[in-house]
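The values are calculated or read from the model by the stated rules, or taken from the named source; none is laboratory data. None of the values given here were measured: they were computed from a predicted structure. We place every Cβ from the backbone using ideal geometry, glycine too, and count neighbours over all the protein chains shown. Note: areas computed on protein heavy atoms with side chains; ligands, DNA, RNA excluded. Shrake-Rupley method; radii C 1.70, N 1.55, O 1.52, S 1.80 Å.
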Amino acid sequence: MRETTSVVRRALSAFLPVITLALAGCASTGAGDGLGYYWQSLRGQWHILQASRPIDVWLQDEGLPPALRQRLEGAQRMRAFASETLGLPDNASYRRYADLGRPFAVWNVVAAPHDSLELQRWCFPVAGCVGYRGYFAEADARTQATRLQGQGQGLEVSVYGVPAYSTLGYLNWLGGDPLLNTFVTWGEGEFAGLLFHELAHQVVYVAGDTAFNESFATTVERLGTQHWLALDASTAARTRWDAGQLRRNQWRALTGRTRQALQQLYQAHGQDGATADGPDLEVAKAAIYGQLRADYAVLRAQWQAQDGPLLTTEALRELHARNQSRLDQWVIEANNASFGALAAYDDWVPAFTALWQEQQREASAAGQPAEIQVWQRFYAEVRHWAALPAEQRTARLCERMPAHAPLPPACTPHQGSASASASENTSRLGS
């Protein structure tokens with residue numbers, strides 16, 4: 001054990017600075033500008049690698065809390081399921097565990113103009129250009145947020161914690177991405193989903209296309225979790241997952257209405273030749289955000305009334321209270337930047353889901369009923385899309401959007417004007 005640790009440390013000393021420079025964007029890390037940006041990335045990644053140990057080693061500890069033991073044992077089964085059934089990479093990632101002693105792995109900073117939901121972008125090696133900057137220390141993230149707000153560009157800024165991130169498999173030779181205390185106490189469905197989501201980033205990653213990457217991984221997360229729960233989970237775990245899915249759909253509907261209202265407001269100002277400035281815009285924005293908070297208060301009261309029977313342990317009650325508090329704070333502080341960040345994870349999920357269903361039908365017709373064969377066909381088609389030029393890739397996604405799903409703004413050039421909604425729907429999947 002000590003010899004292995006020594007070898008890893010020597011390897012880290014020699015190679016991790018180079019890896020960190022390459023991965024700074026996809027690992028969502030950095031602080032300040034210049035060398036300081038990469039130096040904290042190096043220190044943060046080093047800390048995670050040093051803190052992680054193989055799950056089997058943790059399980060040999062007789063003093064391991066029973067709940068953590070149960071979760072780590074379950075994680076081993078989930079990891080096998082991910083590769084054997086979902087066709088996700090069979091490598092070193094998520095076979096180790098680390099307790100970081102903090103609530104999040106990193107904190108992301110996002111920024112948007114006061115009259116747009118379009119996120120400011122930063123460019124990195126390997127990762128390409130992304131709409132966020134990440135920090136291993138919350139204080140660094142908030143310092144960067146303050147710096148952005150002080151640039152006189154009228155940027156709206158948001159800082160949010162991220163429980164996990166993917167190094168895209170580049171660090172598998174050093175033990176891979178570990179499970180972390182930042183999400184190990186989650187419900188079984190949520191925990192499995194995050195595991196599948198992060199592994200999906202190792203299957204396909206398009207530099208500079210955050211919406212494509214995150215929507216693909218979110219699709220794998222949702223479909224994979226449904227399959228896992230149907231096979232292995234308890235009735236209570238499935239009930240909590242189903243309730244959580246209903247709540248997520250309600251949340252997406254709420255935030256989707258707000259996003260649409262904001263986009264229409266900013267588009268109207270632009271079309272009218274206005275400067276999108278002044279009291280009229282601010283009054284209209286305040287009304288939209290005020291409606292968000294009012295609608296959320298009603299939804300929150302409904303959730304509170306429904307939660308009691310599902311919170312069967314003290315750990316679940318504590319986790320629920322923390323998550324509710326964070327969601328409350330998000331709504332209070334909601335702005336263009338936080339809404340811009342929401343879009344990346346959901347916009348293309350209906351298109352990817354439709355593609356998966358299409359591959360399922362084709363696999364069945366070809367006499368390939370095994371689930372892993374469906375996933376392999378799905379990944380092959382997604383890789384094909386990923387290799388296309390950005391405009392063609394977007395066109396493929398727009399074509400696969402079901403008629404019942406709202407079209408992302410990126411589809412407008414491919415589907416005609418926003419006013420031609422009827423003709424748009426006739427050319428989309430599911431019409």
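A few notes on this one:
- Per residue, in Å², the accessible surface of segment 201-258 once ligands and nucleic acids are set aside, probe 1.4 Å: 39 Å²
- Remark: segment 400-406, residue by residue, has Karplus-estimated 3J(HN,Hα) of 8, 5, x, 5, 7, 8, x Hz, where x stands for each Gly or Pro and the curve is 6.51 cos²θ - 1.76 cosθ + 1.60 at θ = phi - 60°.
- Stretchable slack from Asp328 to Leu64, in nm (0.36 nm times residue separation minus alpha-carbon distance): 91.7 nm
- Around Gly193: net Lys/Arg minus Asp/Glu count, Cβ-Cβ under 11 Å: -2
- Of the accessible area of segment 292-419, computed with a 1.4 Å probe over protein heavy atoms only, carbon and sulfur atoms account for 55 percent.
- Glu118-Gln392 pseudo-label distance in nm [points 7 Å out on the Cα-to-Cβ vector]: 2.5 nm
- C-alpha center-to-center spacing [segment 365-391, segment 293-329] in angstrom: 38 Å
- For segment 101-195, the solvent-accessible area works out to 35 Å² per residue, with a probe of 1.4 Å and every protein chain left in place.
- Full extension of the chain between Gln260 and Ser364 yields a length gain of 33.6 nm, computed as 0.36 nm times the residue separation minus the alpha carbon distance.
- Here each label is just a point 7 Å from Cα along the line to Cβ, and for Trp186 and His384 those points are 3.1 nm apart.
- Summed side-chain charge close to Arg96 - residues other than Arg96 whose Cβ falls under 9 Å, Lys, Arg +1, Asp, Glu -1: +1
- Residues in segment 73-95 that a label on Asp56 would reach, taking backbone N under 13 Å of a point 7 Å out along Cα→Cβ: 95
- For the peptides 81-93, 98-110, 223-235, the ranking by packing is 98-110, 81-93, 223-235, with the highest mean count of neighbouring Cβ atoms within 10 Å listed first.
- Segment Asp280-Thr85, extension gain: residue separation times 0.36 nm, minus the distance between their alpha carbons: 64.8 nm
- By accessible area, using a 1.4 Å probe on protein heavy atoms only, segment 100-197 has 53% of its surface on carbon and sulfur.
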